[in-house]
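The values are calculated or read from the model by the stated rules, or taken from the named source; none is laboratory data. Fair warning: this is a prediction, and the values are worked out from it, not measured in the lab. Neighbour counts run over all protein chains shown; Cβ positions are idealised from the backbone, glycine included. Remember, those area values only see protein heavy atoms, side chains included, never the ligands or the DNA or RNA. Shrake-Rupley method; radii C 1.70, N 1.55, O 1.52, S 1.80 Å.
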Number of protein chains: 4
Amino acid sequence: MPQCEKLRTRGLAEVTLGCGRETQRSRALALGVPHFTTQEAELLTSGHVDLIIILTSMPEHARLAKVALRAGKHVLLEKPLATNFQDGKELVELANRSERHLVCGPFTILSPTFQTISAHIARGEIGQPCLARARYGWAGPSWGEWFYKKGGGCLFDLGVYCIASLTGLLGPVQRVMAMTSVAIPERDVNGRKVKVEAEDNAQVLLDFGRGLFGVVTSGFTMQQYRNPALEVYGTSGTIQMLGDDWDPDGYELFENQVGAWKVFKETAPDWPWTDGLRHLVECIAENKQPLIKPDYALHVLEIMLKAQESGREGRAMPIETTFKLPDFCEVKRDEPVHLQHDRTREHFEQGKERKAGLA
Amino acid sequence: MPQCEKLRTRGLAEVTLGCGRETQRSRALALGVPHFTTQEAELLTSGHVDLIIILTSMPEHARLAKVALRAGKHVLLEKPLATNFQDGKELVELANRSERHLVCGPFTILSPTFQTISAHIARGEIGQPCLARARYGWAGPSWGEWFYKKGGGCLFDLGVYCIASLTGLLGPVQRVMAMTSVAIPERDVNGRKVKVEAEDNAQVLLDFGRGLFGVVTSGFTMQQYRNPALEVYGTSGTIQMLGDDWDPDGYELFENQVGAWKVFKETAPDWPWTDGLRHLVECIAENKQPLIKPDYALHVLEIMLKAQESGREGRAMPIETTFKLPDFCEVKRDEPVHLQHDRTREHFEQGKERKAGLA
Amino acid sequence: MPQCEKLRTRGLAEVTLGCGRETQRSRALALGVPHFTTQEAELLTSGHVDLIIILTSMPEHARLAKVALRAGKHVLLEKPLATNFQDGKELVELANRSERHLVCGPFTILSPTFQTISAHIARGEIGQPCLARARYGWAGPSWGEWFYKKGGGCLFDLGVYCIASLTGLLGPVQRVMAMTSVAIPERDVNGRKVKVEAEDNAQVLLDFGRGLFGVVTSGFTMQQYRNPALEVYGTSGTIQMLGDDWDPDGYELFENQVGAWKVFKETAPDWPWTDGLRHLVECIAENKQPLIKPDYALHVLEIMLKAQESGREGRAMPIETTFKLPDFCEVKRDEPVHLQHDRTREHFEQGKERKAGLA
Amino acid sequence: MPQCEKLRTRGLAEVTLGCGRETQRSRALALGVPHFTTQEAELLTSGHVDLIIILTSMPEHARLAKVALRAGKHVLLEKPLATNFQDGKELVELANRSERHLVCGPFTILSPTFQTISAHIARGEIGQPCLARARYGWAGPSWGEWFYKKGGGCLFDLGVYCIASLTGLLGPVQRVMAMTSVAIPERDVNGRKVKVEAEDNAQVLLDFGRGLFGVVTSGFTMQQYRNPALEVYGTSGTIQMLGDDWDPDGYELFENQVGAWKVFKETAPDWPWTDGLRHLVECIAENKQPLIKPDYALHVLEIMLKAQESGREGRAMPIETTFKLPDFCEVKRDEPVHLQHDRTREHFEQGKERKAGLA
């Protein structure tokens, strides 16, 4: 909702209708959704709705996105695109034929820090990339049984970010190898014991061709880390993102010819991982193509599915889909780094005379 | 205004009236101030105003705060309390007699990280404090000539935070020694050359008694730093705040008996340095005494004035005022650190089914 | 030689004889080797030799170690044990029957920091390990063509450390998957172009069973890193070694119940990666079994060979050998960390009266 | 002794004679000193002694250095030059007239990292320096009562490094202000209680003129730190040394025009803080003037004495002595940073065939 509020303030979009189960009505209204329906058809046929945000459980994603596109709506879809390849493929084919946009999470490639890193690599500042690492994990949710059941798992929930980021940086993957396991067979979810059926622990190797390999380490089995989110090793340097790819905290660049690490502080500490909504709305308003394309989302989905398969079968799986890396415009800073003094978000209008009375 | 908006949402306060110069009217209205006046009297006599926020130029602070208190209003005052000791002292005497609250910036002692550090020290975890350091500086503003003129200077604008934090942690100061200078005699301000008359560079020693000394390093002469904001060295350990005291980024604790640094990540990354407003409004609503008391603000003011004097005269200056350290309630965490997974501020309601339509 | 010098000072060992090619004679004598021969037989039959250090090219390792053991000598062998599994296996069988010790590099498990980390894990302080990462790489040598030819490669030269460390921490591996490549097809070696035939780039997955997976990232393709050498993620915490496993720089421990990272500084900054020699000599002198056993070296060798095979064949390879984790005695610190004041290695006898004259 | 050993290996110097009290004889001989005397006269008249290293208790420093110079010996003197200004001044006057060298500790300005930082500042890469900080402290010795008695204190033992480094970087000081205290009135020394009479806690302000101020924070009251050793803030950047100035661990440079911190790793991790001996012996051998001159040592001594006086009297003290900053030759790296692969100190001759036998 804060994202929606910002878009409203800018005059770009407005929340008009919420749709869900009856039990969600009061919460939605409390959050400021002006109308609420439990009837999907009402949403699809409403003349006041141009864009539908799909935040349902995973198995519903593909079906809902299809009907929304067919109803002439733009669609913002939470990851994953679908829970099986066939559904994902059909959805992408539909989207590619459609005049409406389908933008599917995650949106990590939209962050200014990601795009700046991408630009460094594209300019050849680390030479030819050879090795990459990405990690994302945490202790795992204590709500939502489905995280631990078929169709869930740490790859769909966590590894998906790493995979989206590495492919967004380095391009399409040709082959996948993985080890996956249920490391913790039983979990407490909403206060009761749940048997874990989907992988909660994974190491995934990605072969990008050109001798370049990435690894994704992910699980509901990582309590805490203190290391870079993304690392790329090239023939003349190294670059790495700090923080998380969905919440970057600056980046570091080593170039052989410089001989020192350059540490860049985060210039967009408030970049939200929900930024896909802003991006999609702006693309609609400005009549541009989104950077996050359906082909890319399908590629990420295939990698996850093949990683799960490789984990079961113990062999490398070829990847059939591909996508074209978007052309990022490098983010230009408005002012020098040393003059970016206040990174906090809200403050009095500093240094300017003003009076106000509160009652 | 975001602070005000939050208080409004919570039903605690509402902006009713802005007061300033005619040239500020349109801006205030644009920011959402419902009414605006250029007449101070209208503000003071309005029945719709309980609390006045004073954000004027520094020389007006003391006078306005006095008339506001006399008019029966609570007052939130930007630092400094006053620009000379006599005005500050009279204001504090008035406030102490008044039934209304006077809360003066800076508000660094309100941050959860500050209060947690304070609790570690109070529990004796670093032993008896012996040495402390604080620093705050940047390249300096390119707007607001008054920063560089009499009544301005880096102590009133920057050092004030360090002094407020060190005294807030370690108690009142008995003696001050300082070196101050104009390191950069001419500045570009709003596109024109300005002769610098107030100190833009300072090192201030603070004698807390008990053999405990602090130092404040401050200036419009620090382009960037990469070190702790506050450091306190005790007889059995060390504690330090990372980030800035007005924007903490976690803290680190070394206890001799543990033999390792404990690194605590920031638990309130969105704590705003304008938090004094929230605090004051809550104190009014709950009929409590603010933690930031007039005596404390006067003590901070005297230290700055005596530091400037010591800088001119080259000798230690005794401090006459004192204050009592507030009793902080230690901040309790709601959940274990490793379960604080998403530090970002705005996001979809993760893991919960919801649909919304935007038009 | 500094290692030898220390052992000599302690009265434990003495260099008596060097053996090599004629071209190496002058260098050996310059380094302080008292006698030198080009005749292997002279070395093997010498009554003044108890222990032979084998530092030859890799293909010679297994054969030389065998003849040395058969000649009744203890053997310290540079990694790898052998360049093929059959040779390694025969050597280990011979060593296991022998009354002499065979200790093969790398020796990373001997460092105090490694053993302390091992003790933390063994005490359950991070819970059940689930995921691990190790990395080691650099730009690659510009000498020694054999690094880039059959029998060389980054796994034998670099990855071997990671594999030795992860298995030393977490126990034997059951299954391996890997991606390997020649990322840089041509290298400058000793001033001339060399075609690269052995892998210079690798990602290796290790399946330890129990749902626990490790990954080794290694290559002559990593210019620089700034991240932990080893990371282990468990069900209630994380532990990681800083620096390199062959040159540790302290370690960091996160326990869920503590809620902070504990950062431990390096207590043995001068631990040498050649420490196997000291260990072996002490074991001989004290009549103890070395911690680094032939079975462990064979296991590490098999993992490397199978990783190369997996890289070629694209499927998981089972590991047939196993070993028993040694029982490390936890390293006790002599004095508290905060009293370990001078980490440098050589200094005047501080604080003690002394005079000396130099001529 | 390791320093001496290295010089001996290089053919530059040899330990010929030790001189001390009878109780020190056995220790000196054990350390490898070939002859030992308790007769100062024997040392001074020996034809086998060119250079005398003075490591006695502080009150003896000046007298011994004088007789040694008069006897035609070069002198390496542990800090401080003297324990009072008059003795120091006479010694320096004698040394300046002498044809022999007097080199007095500390030797921090000799480290490659220090000299590299100095070169960055000299090239104007941080603009005009305005503020500086230095710190050095620890829990304090539990041996040597004299540390805590008149003539001892934390400035002579610890602060002296900071003062030597800041003046070595930024030039002579014109004025000093300080706060000093006995923070811990009683100490355990060699197992018994000792009353502390000399300052164990100090903050010292240094006025370098040109509006540039430094602060030194020092004490036997600092258990541990995690911050830079030296920080210099200039009008267009910041530079700071990591580790300790007597044991540097790299440095960091921020230049406004670069907009990122450059982090330089330590290139001389084994630089010993006893390096003055090597320097002096090389200067004698090559007939050069030492970089560490008597005037500089006297300036450092005066600052410490005046800081103690300022601490007692509560006013700024002018500094009468001065010195000329040495011209450092910038240290050139032999090879690029990314090829400096093995920072450890002792190792097998890697990658080169060699065999050795130990008996």
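Mean per-residue shielding of peptide B:307-318 is 3, counting Cβ atoms of other chains within 10 Å of each Cβ. Cα centroids of segment B:35-111 and segment A:56-95: 58 Å apart. Distance between the C-alpha centres of segment C:222-240 and segment A:240-254: 16 Å, rounded to the whole angstrom. Interface between chains B and D: roughly 4200 Å² of accessible area buried, both sides summed (probe 1.4 Å, protein heavy atoms only). Relative to the globular-protein estimate of 2.2 N^0.38 Å, the Cα radius of gyration of chain B stands at 1.04.
Ascending distances from the B:Asp342 label point to its copies in the other chains, with the point 7 Å along the Cα-to-beta-carbon line: 2.8, 5.0, 5.5 nm.
Rolling a 1.4 Å probe across the protein heavy atoms gives chain B an accessible surface of 37 Å² per residue. Provide, for q = 0.21 Å⁻¹, the log10 of I(q)/I(0) from a solvent-free Debye sum over equal Cα point scatterers in segment C:66-203. Debye curve over Cα of segment C:66-203, log10 I(q)/I(0) at q = 0.21 Å⁻¹: -1.27.
Peptide A:56-68 is shielded by partner chain Cβ atoms: per residue, an average of 1 of them sit within 10 Å of its Cβ. Spatial offset of segment C:1-17 relative to segment B:313-327 amounts to 64 Å, using the alpha carbon center of each. Taking the 1.4 Å solvent-accessible surface of chain D as the whole, the part contributed by carbon and sulfur is 49%.
Label-to-label distance, B:Lys324 versus B:Asn287, with points set 7 angstrom from Cα along the beta-carbon direction: 2.1 nm.
Rounded to the nearest 0.05, what FRET efficiency do A:Glu90 and C:Arg21 give with R0 = 60 Å and r taken as the Cβ-Cβ distance? Could you check? With R0 = 60 Å, the Cβ-Cβ based efficiency is 0.30. Rounded to the nearest 20 debye, the dipole magnitude of the protein assembly as shown is 0 debye, with +1 charges on Lys and Arg beta carbons, -1 on Asp and Glu beta carbons, and the Cα centre as origin. Once backbone amide H atoms are built at 1.01 Å from N, D:Gly243 has D:Ala229, D:Asp249 as its partners under 5 Å, excluding neighbours fewer than 5 places away on the same chain. Each peptide in B:32-39, D:221-228 receives the mean, over its residues, of other Cβ atoms within 10 Å, and ordering these scores from highest gives D:221-228, B:32-39.
Taking the Kirkwood radius as Rh and the Cα radius of gyration as Rg, segment D:248-326 has a ratio of Rg/Rh equal to 1.12.
Per-residue mean of foreign Cβ neighbours for B:226-235 is 5 (Cβ atoms of other chains, 10 Å radius).
Note that segment D:127-223 shows a convex hull volume over its alpha carbon atoms of 87 Å³ per residue. Among beta bridges from DSSP that stay inside chain B, the antiparallel ones total about 70%. Each helix, a run of at least 4 DSSP H residues, gives -39500 (n - 2.57); summed and divided by the residues of the protein assembly as shown, these come to -8000 deg cm²/dmol at 222 nm. In angstrom, the C-alpha Rg and Dmax of segment A:35-93 are 11.3, 35. With kT/(6 pi eta Rh) evaluated at 4 °C and eta = 1.567 mPa s, and Rh the Kirkwood radius from Cα pairs, the protein assembly as shown diffuses with a coefficient of 37 µm²/s according to Stokes-Einstein. For C:Asp342 and D:Thr9, what is the calculated FRET efficiency with R₀ set at 35 Å and r taken between the beta-carbons, to the nearest 0.05? The formula returns an efficiency of 0.90 here. Translational diffusion coefficient of segment A:174-252 (Stokes-Einstein, Kirkwood radius from Cα pairs, 37 °C, 0.692 mPa s): 218 µm²/s.
Compactness check for segment A:177-319: Cα Rg over 2.2 N^0.38 Å is 1.30.
In the assembly of identical copies, B:Val67 has its label point, taken 7 Å from Cα in the direction of the beta carbon, separated from the corresponding points by 6.5, 8.1, 10.4 nm (ascending, one decimal). Sorting A:45-54, B:290-299 by their mean Cβ neighbour count within 10 Å, with the most densely packed peptide first, gives B:290-299, A:45-54.
Spin-label pair A:His48-A:Lys195: with each label point 7 Å from Cα along the Cα-Cβ axis, the two points sit 4.8 nm from one another.
Protection proxy ranking of C:188-199, A:277-288, by the mean of other Cβ atoms within 10 Å over each peptide's residues and highest first, is A:277-288, C:188-199.
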